[in-house]
Amino acid sequence: MDLLDFARGPALAVSIAIFVIGTLWRMVSILRRPRMPDLSVPREGAPSKIAGGFAAIVRGMWPRREFGQAALVTTINGYVFHIGLALVFFAYAPHIAFIRRITGLSWPALPDGVMYLAAGATMISLLVALWFRLNDAVLKRISNADDTITWTVTFLPLLTGMAVMAEPSSGLLAQQEVLYRGPLAIHLLSLELLLIWFPFGKLMHAFLFAFSRAATGVRFSHRGVKL
């Protein structure tokens with residue numbers, strides 16, 4: 001068993017298990033936490049809890065004008081990152097083949113040129129986000145080891161993935177044997193590192209952001225606060 005066999009076998013199985021079990025554990029533990037009932041009377045005209053929560057989720061998708069240009073730039077950069085990352089992971093032909101081997105599911109891929117553009121934009125957006133965090137006085141003060149680790153484990157799969165994109169995806173998929181076993185193993189291991197870290201760091205916001213925004217919306221709308 002070489003490094004690629006290890007990455008495709010035991011390491012992949014363990015990382016997926018940690019990702020699934022850890023994510024479910026975090027979700028269940030948060031949803032099971034006791035909540036004090038709000039006994040106050042809702043303000044006149046207050047929306048339902050569902051409407052208030054949904055409104056807060058939607059409203060949080062774009063910054064308020066009062067927050068200024070910096071908040072707008074940060075939000076746009078975040079969209080570039082999230083959309084680019086989704087395209088790279090779900091629309092690149094070798095990644096779809098990887099998902100098909102695990103789940104049996106597949107769908108049409110986007111052209112390689114779109115993937116190269118998406119990967120480059122995603123990496124640049126991550127570097128921009130790091131620059132903001134290192135140069136903004138407030139972000140720098142509230143940053144901790146979790147932010148650094150989360151940024152690193154997110155950036156590594158993109159960086160190592162670029163190293164194995166030496167030829168068109170059609171050529172890679174047509175090969176009977178893997179041409180670049182070492183780089184591919186490192187790329188896969190970097191993805192598995194991300195999966196292992198996911199339930200324990202700030203990457204969990206991918207699941208929790210909707211719950212936190214909705215909870216805030218429920219509380220605020222109950223008090224008559226305009227979102």
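Observations, loosely collected:
- Length-normalised contact order of the stretch 113-208 in % [C-alpha pairs under 8 Å, at least 6 apart]: 31 percent
- Note on Met61 and Thr152: their simple-model spin labels are 3.5 nm apart, each label 7 Å out from Cα toward Cβ.
- The chain: angle of helix 69-91 to the longest principal axis, Cα-based, in degrees nearest 10: 40 degrees
- Angle in degrees between helix 10-31 and the longest Cα principal axis of the chain, rounded to the nearest 10: 0 degrees
- Spherically averaged projected area in nm², based on the convex hull that wraps the Cα atoms of the chain: 15.7 nm²
- For the set Arg101, Arg133, Arg65, Arg32, the ranking by accessible area, highest first and with no ligand, DNA or RNA atoms included, is Arg65, Arg32, Arg101, Arg133 under a 1.4 Å probe.
- Tilt relative to the chain, helix 205-222 - C-alpha long axis, 0 to 90 degrees, to 10: 10 degrees
- Normalised by the number of residues in the stretch 1-129, the mean separation of alpha-carbon contacts (under 8 Å, six or more apart) gives a relative contact order of 20 percent.
- Total charge dipole magnitude, the chain, about the Cα centre, Cβ charges on Lys, Arg, Asp, Glu only, Debye to nearest 20: 1280 debye
- Surface composition of the chain: carbon and sulfur make up 71 percent of the accessible area, probe 1.4 Å.
- In summary, the lysines within cross-link reach of Lys226, defined as a Cα separation below 17 angstrom excluding same-chain residues under 8 places away, comprise Lys49.
- Here Lys140 is the anchor, and the lysines within straight C-alpha reach of less than 17 Å, apart from those fewer than 8 places off in the same chain, are Lys202.
- Computed helical MRE - 222 nm, the chain, DSSP H runs ≥ 4 contributing -39500 (n - 2.57), nearest 500: -23500 deg cm²/dmol
- Candidates Arg43, Arg100, Arg35, ranked by Gaussian network fluctuation over the chain, Cα under 10 Å, top entry: Arg35
- Computed 3J(HN,Hα) for the stretch 130-143, one whole-Hz value per residue from the Karplus formula 6.51 cos²θ - 1.76 cosθ + 1.60 where θ = phi - 60°, is 5, 4, 4, 5, 7, 10, 7, 4, 6, 4, 5, 6, 8, 6, glycine and proline marked x.
- Couplings for the stretch 113-128, taken from phi via the Karplus curve 6.51 cos²θ - 1.76 cosθ + 1.60 with θ = phi - 60°, read x, 5, 5, 4, 5, 5, 5, x, 5, 5, 5, 5, 4, 5, 5, 5 Hz in order; Gly and Pro are left as x.
- Calculated accessible area for the stretch 1-113 comes out at 72 Å² per residue, all protein chains present (probe 1.4 Å; ligands, DNA, RNA ignored).
- Relative contact order computed over the chain (Cα-Cα under 8 Å; 6+ residues apart), in percent: 40 percent
- Computed over the stretch 1-63, the ratio Rg/Rh where both radii use C-alpha atoms and Rh is Kirkwood: 1.31
- Model label points for Val14 and Ala97, set 7 angstrom from Cα along the Cα-to-Cβ axis, are 2.7 nm apart.
- Label-to-label distance, nm, for residues given as Ala51 and Ile21 (7 Å Cα→Cβ offset): 4.5 nm
- Distance from the stretch 87-158 to the stretch 5-68 (C-alpha centre basis), Å: 21 Å
- Per-residue accessible area (protein heavy atoms, 1.4 Å probe) orders Val80, Val58 as Val58, Val80, starting from the largest.
The values are calculated or read from the model by the stated rules, or taken from the named source; none is laboratory data. Worth saying up front: this structure is predicted, and the values here are computed from it rather than measured. As a convention, Cβ positions derive from the backbone with ideal geometry for all residues, glycine included, and neighbour counts pool all protein chains shown. Quick note on the areas: whole protein, heavy atoms, side chains included, nothing else; ligands and nucleic acids left out. Shrake-Rupley method; radii C 1.70, N 1.55, O 1.52, S 1.80 Å.
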